[in-house]
Amino acid sequence: HLKNSEFVGNTEAVFLGVSVNFQLKMSYPGYPNYPSQPTPTVRPANPFDARQDAEILRKAMKGFGTDEKALTNVLTNRSNAQRQQIALQFKTLYGKDLVSDIKSEVSGNFEDVLVALMTPLPEFLAKELHHAVSGLGTNEETIVEILCTSTNYDVKCITSAYQNLYGTSLESDLAGDTSGYFRRLLISLCQGNRSESYTVDQNGAVQDAQALLRAGELRLGTDESTFNAILCSRSYTQLGQIFAEYYRLTGNDFEQAIRNEFSGNVESGLLAIVKSVRNKSEFFAKQLQNSMSGAGTKDRALIRIIVSRCEVDLGDIKAAFQGKYGRTLEEAIASETSGDYKKALLSLIA
């Protein structure tokens with residue numbers, strides 16, 4: 001497995017600061033059942049000429065009408081870091097902001113995809129979290145999806161971007177918008193302080209499994225704090241072992257134990273941690289299925305997952321999706337979307 005220090009590297013990462021590193025760290029390989037070399041669907045273009053791309057985009061938007069095909073072709077086939085370089089070239093050459101120009105030329109879900117692609121990933125996920133906590137009601141599913149699947153590095157990048165964008169901390173916004181044990185779970189995850197050890201402590205796993213058993217099945221009521229402490233602080237590798245020990249001790253699946261002991265948002269949050277430890281690709285496959293099932297498409301969720309995972313592990317998520325639902329992700333997206341929006345998403349997952 002790669003060590004943290006090996007995730008740093010090319011000049012692009014240094015030149016653009018956080019965006020490349022963040023992209024790579026999202027595939028932190030400390031998960032059991034997670035491929036040590038995840039498969040992205042979008043890779044950096046090589047060769048790459050930011051100036052030429054800026055010129056193509058300008059031509060696509062200049063004058064009457066818009067060449068949507070050119071916009072899609074360039075933006076869905078470059079890495080996020082490369083898109084930031086294109087935006088810089090665009091502003092240098094034309095004295096105009098590329099994102100503002102895109103917004104004035106296209107609309108609807110197609111606009112949302114292109115703007116998402118142009119946003120550095122930590123900032124994009126910070127905006128998604130802000131949208132989830134601001135306004136009427138709270139979108140707990142979005143909060144759970146982002147925080148419960150993020151590595152420490154991801155969390156620190158996202159919380160920093162959030163502070164810069166909104167002048168307030170993500171933690172305080174979450175605390176103000178949630179309550180009870182769900183609030184405590186989110187605040188714990190916001191610390192980005194999970195152990196990232198790859199070694200399994202066998203005795204520790206047995207002790208934790210016993211502690212979880214005493215906190216849940218063996219008592220009247222539930223000691224929620226024990227579940228919170230273990231699920232938010234142990235490494236992903238260690239959690240995999242704890243779940244195995246729990247099954248050995250009880251004959252019960254740990255997910256079932258959570259369903260028996262918890263309900264509502266805190267249940268969803270704890271289950272998301274367990275599911276992403278067990279099989280992160282399957283977790284995201286299910287999120288994609290949820291975004292496309294039932295009445296109407298949850299486009300925001302669909303865009304968020306495709307854009308945030310395409311440079312990380314979307315290839316693995318596609319395989320998990322087909323295995324689980326008996327149709328390809330391409331088929332699902334093609335049947336739920338249309339027009340330039342559909343073309344952009346299909347290009348990102350190809």
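The Cα trace of region 202-262 gives Rg and Dmax of 10.4, 30 Å, the first to one decimal, the second as a whole number. What the phi angles of region 269-274 give under the Karplus curve with 6.51, -1.76 and 1.60, with θ = phi - 60°, is a coupling list of x, 5, 5, 5, 4, 4 Hz, glycine and proline written as x.
Near Y246: Cβ cut-off under 14 Å, other residues only, Lys/Arg at +1 and Asp/Glu at -1. The net charge is -1.
May I ask for the net charge around A334, where only other residues with Cβ less than 11 Å from the Cβ of A334 are counted and Lys, Arg are +1 while Asp, Glu are -1?
0
Mean residue ellipticity at 222 nm, helices only, the chain: -21000 deg cm²/dmol; runs of at least 4 DSSP H residues each add -39,500 (n - 2.57), and the sum is divided by the number of residues. The HN-Hα couplings worked out from phi for region 188-200 by the Karplus form 6.51 cos²θ - 1.76 cosθ + 1.60 (θ = phi - 60°) are 4, 5, 5, 6, x, 10, 5, 4, 10, 6, 8, 7, 9 Hz, whole numbers, x standing for Gly and Pro. Evaluated at q = 0.11, 0.13, 0.15, 0.24 Å⁻¹, a Debye calculation over the C-alpha positions of region 280-349 (equal weights, vacuum) places log10 I(q)/I(0) at -0.21, -0.29, -0.40, -1.11.
Shape descriptor for region 83-180: Rg over Rh equals 1.03 (Cα atoms; Rh from the Kirkwood inverse mean 1/r).
Rounded to the nearest Hz, the phi-derived 3J(HN,Hα) couplings of region 290-300 under the Karplus curve 6.51 cos²θ - 1.76 cosθ + 1.60 (θ = phi - 60°) are 4, 5, 10, 9, x, 6, x, 9, 7, 4, 4, where x marks glycine and proline.
Relative to the compact-globule estimate of 2.2 N^0.38 Å, the Cα radius of gyration of the chain comes out at 1.04. Estimated at 0.36 nm per residue, the fully extended path between N260 and T168 surpasses their Cα-Cα distance by 29.5 nm.
Assuming 0.890 mPa s and 25 °C, estimate D for region 128-256 with Stokes-Einstein, Rh taken as the Kirkwood radius over Cα pairs, in µm²/s. Rounded to a whole number, D works out at 154 µm²/s. To the nearest ten degrees, helix 121-133 and the longest principal axis of the Cα atoms of the chain are 60 degrees apart.
For S150, no residue 5 or more places off, or on another chain, has a built amide H under 5 Å of its own.
Taking each of K59/K103; K59/K342; K127/K156; K59/K96 in turn, the alpha-carbon distance tops 18 angstrom for K59/K342.
No lab work stands behind these numbers, since they all come straight from the coordinates. Keep in mind that this is a model prediction, so the values were computed, not measured. Glycine also receives a Cβ, built like all others from the backbone with ideal geometry; neighbour counts cover every protein chain displayed.
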